[in-house]
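Inspection log for the structure reproduced underneath, given as structure tokens.
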Amino acid sequence: MQSMVSTRPTMSGVCRASVFVSALVFCGVFLTTEAQTPSPAPAPCALSSNTTCAECLQNVACLWCSPTKQCLDYPVGNILPPRSVCPLNDARWGLCWVNFQILIITMSVLAAVIVISILVCCLCCCKCERTGNQREDAKAERQTRLRKARQKERRTEMQLRHDEIRQKYGLAKDNPYARMDDH
């Protein structure tokens with residue numbers, strides 16, 4: 001007997017696939033690398049001190065400190081520049097109009113929104129799957145009850161016909177022990 005295997009994707013499969021694709025896209029955004037052509041060595045950041053922020057930040061390895069108007073080498077040993085180098089509110093890196101404090105807050109909020117949206121998506125998918133399974137189970141149970149009710153009706157009708165035939169030919173048994181009494 002062949003086993004009935006469903007080829008439809010289940011909601012949990014769709015949920016897992018969407019999470020996997022989201023994770024790949026999320027990692028891909030951070031892991032993408034561009035082909036870089038060799039360029040001449042950038043000028044040290046200290047040479048750009050006492051100039052403008054735009055000139056300092058042309059070199060990605062530089063950090064601009066607004067109050068002191070200094071162009072400093074980015075402290076690569078730390079993720080964030082320490083307060084002794086430049087306060088986060090006054091530090092600029094990449095763009096002159098975005099300070100580190102705003103950048104950190106914005107990136108944290110974006111990361112939280114992405115994580116929450118992925119969790120909500122997964123929870124909704126799982127809830128939909130459970131609801132779908134409950135509906136299918138209830139439908140199967142209703143069909144089983146209907147089938148049993150029809151079977152009981154047919155059995156009762158058949159029993160009535162058999163009883164009519166027995167009475168017609170005089171084989172009706174009012175008492176199941178009637179045969180024993182005759183002998």
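The values are calculated or read from the model by the stated rules, or taken from the named source; none is laboratory data. Computed from a prediction, not measured in an experiment: that's the story for all the values here. With ideal geometry, Cβ positions are generated from the backbone for all residues, glycine too; neighbour counts draw on all protein chains shown. Accessible surface is based on the protein model in full, side chains and every heavy atom, while ligands, DNA and RNA are left aside. Shrake-Rupley method; radii C 1.70, N 1.55, O 1.52, S 1.80 Å.
The table for this structure:
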{"item": "Within segment 111-127, considering residues that are open to solvent by 90 Å² or more (accessible area, probe 1.4 Å) and modelled with pLDDT of 90 or more, the one nearest to LEU80 (Cα to Cα)", "result": "ILE116"}
{"item": "Some residue of segment 54-64 being under 35 Å from the mean Cα position of the chain (by Cα) and open to solvent by 80 Å² or more (accessible area, probe 1.4 Å)", "result": "no"}
{"item": "Sole residue being at pLDDT below 90 and within 30 Å of PRO44 (Cβ to Cβ), chosen from ARG92, ARG166, ARG135, ARG130", "result": "ARG92"}
{"item": "Residues located in segment 73-87, provided they are modelled with pLDDT of 85 or more and touching a Phe, Trp or Tyr at 6+ places or on another chain (Cβ under 8 Å)", "result": "none"}
{"item": "Some residue of segment 26-40 being open to solvent by less than 60 Å² (accessible area, probe 1.4 Å) and either at pLDDT 80 or above or touching a Cys at 6+ places or on another chain (Cβ under 9 Å) (or both)", "result": "no"}
{"item": "Hey, TRP97 assigned to a strand (DSSP E or B) and buried (at least 19 other Cβ atoms within 10 Å of the Cβ) or not", "result": "no"}
